[in-house]
Structures are given as structure tokens and as C-alpha cells.
Amino acid sequence: MKENMRYLTNYYQIREMTLDRMKAIIIANKTSEPGGVVFLGDSVTEFMNIDFYFPELERKYNCGIAGMTSSLLLNFIDEGVLKYNPNKLVYMIGTNDLGRTVMLSPRDIAINVKELVETVHYNLPECQIFVVSPLPCLEERHGYKASPGTIRSNDMLKMVFRELKITIPYDYVTFINAYPALCNKKGEPIANYYVDGLHINQEGYQRYSDCLKKYLLK
């Protein structure tokens with residue numbers, strides 16, 4: 001984070017809780033079994049109980065880190081993905097990149113994701129890579145109008161996914177559009193699926209995980 005800092009305001013600052021989470025992921029990769037499924041991303045991934053929502057997956061590892069951005073995860077590929085030697089990677093990022101700590105463009109986010117998937121594929125060519133769209137937010141609580149200094153909006157979040165599909169032209173990447181899973185028939189996010197307008201609750205995770213299963217369990 002950087003929003004409370006007086007200096008170095010152009011640099012994302014890693015906090016103690018982030019370091020603790022990174023250390024836990026590093027410790028876990030030392031005893032992990034190859035051929036599992038790695039879930040990589042920000043707080044939406046970290047807070048997902050993969051044991052509960054994905055009982056069908058025998059070996060699964062949650063490597064989500066709250067507060068992560070696409071740029072920061074580029075520096076954690078080895079410990080957060082490669083050392084687990086998975087046969088599937090589920091990667092979802094982008095929401096924090098539109099917050100006040102970073103404010104990257106959808107194009108820049110897509111370039112970062114492209115670099116990550118290229119690195120994973122180069123080192124683990126048999127690994128299936130699933131790139132998931134950012135989830136919608138409740139704009140009245142977490143959009144740019146409600147949070148001055150951010151550029152987050154649902155239009156921007158949808159634009160991130162469009163840029164991902166344009167920028168990453170590889171047949172070894174499967175794109176999953178999970179955005180509609182939390183929306184009504186009009187394409188509007190359903191408030192009952194959210195804890196705070198950005199993070200989702202158990203019902204929201206059920207909708208999200210059901211969407212992922214359509215691809216992961218094929």
C-alpha cells in the first residue's frame with residue numbers, strides 16, 4: 001500500500017501481513033506434491049476456501065495474497081507457482097491495479113499477466129493456464145466516484161478482461177469470464193453476493209467457484 005505514505009508515493013509498499021502470507025506460501029511449496037492446482041491472485045483468491053469449494057480436486061494450493069497487483073506477482077512466480085509444479089494454474093488479478101495504490105491501465109495489466117503466463121509456460125510447458133476475469137464491484141462503495149484517487153469501475157474491470165484476451169494470443173491459455181456469475185440478467189452485480197462491495201461472501205464464492213468448475217473439471 002502507499003496511500004498513507006508521505007513520501008515514495010509512486011511505489012507500492014509491501015506490508016507485514018503480505019510478507020507473512022508470502023512466507024506461508026513458500027513454506028507450503030516445500031511439502032507440496034506435483035501435479036496439483038495452484039490458485040494465484042489477490043484477496044479474492046486468498047479468502048476462498050478451496051477445500052470447501054473444490055472437494056473434487058485432490059491436490060490444490062491457495063497462493064492468493066491480499067493486496068497483490070499484477071506487477072508484484074511477477075516477482076513471486078517461482079515461489080508462488082513454479083515450485084508447486086502444478087498441472088493447472090488458475091490466475092485472477094486486476095482489481096487492485098485499478099486502486100489508488102497503483103492505477104495501471106487495462107493494457108499495462110494485460111502486459112503483466114502476459115509476462116507471467118509466458119514464464120509459467122516456459123518453465124512448466126505441460127501446465128494448463130486459466131486466466132480469469134476480474135469480478136465486478138459495487139461501484140457505489142468501491143468505484144472511482146466513491147473512492148477518490150482510484151480508477152476502478154465495472155467498465156474498467158470489463159476492459160481489463162478484453163485486453164487480456166487481445167494481448168495474450170496463446171492457445172495454451174484458457175480465458176474464464178467469471179464476471180457474469182455475480183450479476184443479474186441486466187449485467188448488474190448483485191449486492192447480496194458481497195461482504196463490502198469488493199470482497200464476496202459465501203454465496204458469492206459459490207457462484208464464482210461453480211463458474212471455475214466448468215473449466216477445471218473437464
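The values are calculated or read from the model by the stated rules, or taken from the named source; none is laboratory data. Every value quoted in this text rests on a predicted model; they were computed, and no experiment measured them. Here the Cβ is made from the backbone with ideal geometry for all residues, glycine too, and neighbour counts use every protein chain on show. Ligands, DNA and RNA are stripped out before the accessible areas are found, and what is left, the full protein with its side chains, is counted by its heavy atoms. Shrake-Rupley method; radii C 1.70, N 1.55, O 1.52, S 1.80 Å.
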Rounded to the nearest Å, the spacing of the alpha-carbon centers of region 159-196 and region 36-50 is 16 Å
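Considering just Cα atoms, how many Å³ per residue does the convex hull of region 37-109 enclose? The partial results should precede the final answer.
On the way: hull volume 6.2 nm³, N = 73.
Cα-based convex hull of region 37-109, divided per residue, equals 85 Å³.
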Checked against the positive end of the charge dipole of the chain (+1 on Cβ of Lys and Arg, -1 on Cβ of Asp and Glu, about the Cα centre), the farthest of PRO34, LEU164, GLN128 is LEU164
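Go ahead and estimate [θ] at 222 nm for the chain from helices alone: -39,500 (n - 2.57) per DSSP H run with n ≥ 4, summed, over the residue count, rounded to 500.
Working: 9 runs with 81 residues, N = 218.
That comes out to -10500 deg cm²/dmol.
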The chain: longest segment with zero exposed GluC sites (Glu not before Pro), where exposed means DSSP loop plus at most 12 other C-beta atoms within 10 Å, is residues 127-218
The chain accessible area per residue, 1.4 Å probe, protein heavy atoms, integer Å², reads 49 Å²
Spelling it out for ILE129: with amide H atoms placed in the peptide plane at 1.01 Å from N, the residues 5 or more places away or on another chain with amide H under 5 Å from its amide H are LEU89, THR174
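Pairs LYS30/LYS165; LYS60/LYS186; LYS186/LYS213: which are spaced more than 28 Å apart, C-alpha to C-alpha? It would help to have the intermediate numbers written out before the result.
On the way: LYS30/LYS165 33 Å; LYS60/LYS186 34 Å; LYS186/LYS213 24 Å.
As for pairs spanning more than 28 Å Cα to Cα, those are LYS30/LYS165; LYS60/LYS186.
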Region 111-218: Kirkwood hydrodynamic radius (Cα pairs, Å) comes out at 15.1 Å
Largest fluctuation, SER147, SER133, SER71 only, Gaussian network model of the chain with Cα springs under 10 angstrom, belongs to SER147
Put LEU217, LEU198 in order of accessible area, largest first, probe 1.4 Å, and you get LEU217, LEU198
Computed over the chain, the relative contact order (Cα-Cα under 8 Å, seq sep at least six) in percent reads 18 percent
For CYS183, the accessible surface traced by a 1.4 Å probe with all protein chains present amounts, in square angstrom to the nearest 10, to 10 Å²
Sorted largest first, the C-alpha extents of region 1-142 along its principal axes in whole angstrom are 44, 30, 29
With Cα springs under 10 Å, the Gaussian network model of the chain assigns the largest mean-square fluctuation among LEU182, LEU57, LEU40 to LEU57
Neighbours of ILE27 by Cβ distance under 12 Å: Lys/Arg at +1, Asp/Glu at -1, summed charge +2
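In whole percent, what relative contact order does region 7-87 give with Cα contacts below 8 Å and a gap of six or more residues?
Details: 97 pairs, mean separation 32.1, N = 81.
Computed value for region 7-87: 40 percent relative contact order.
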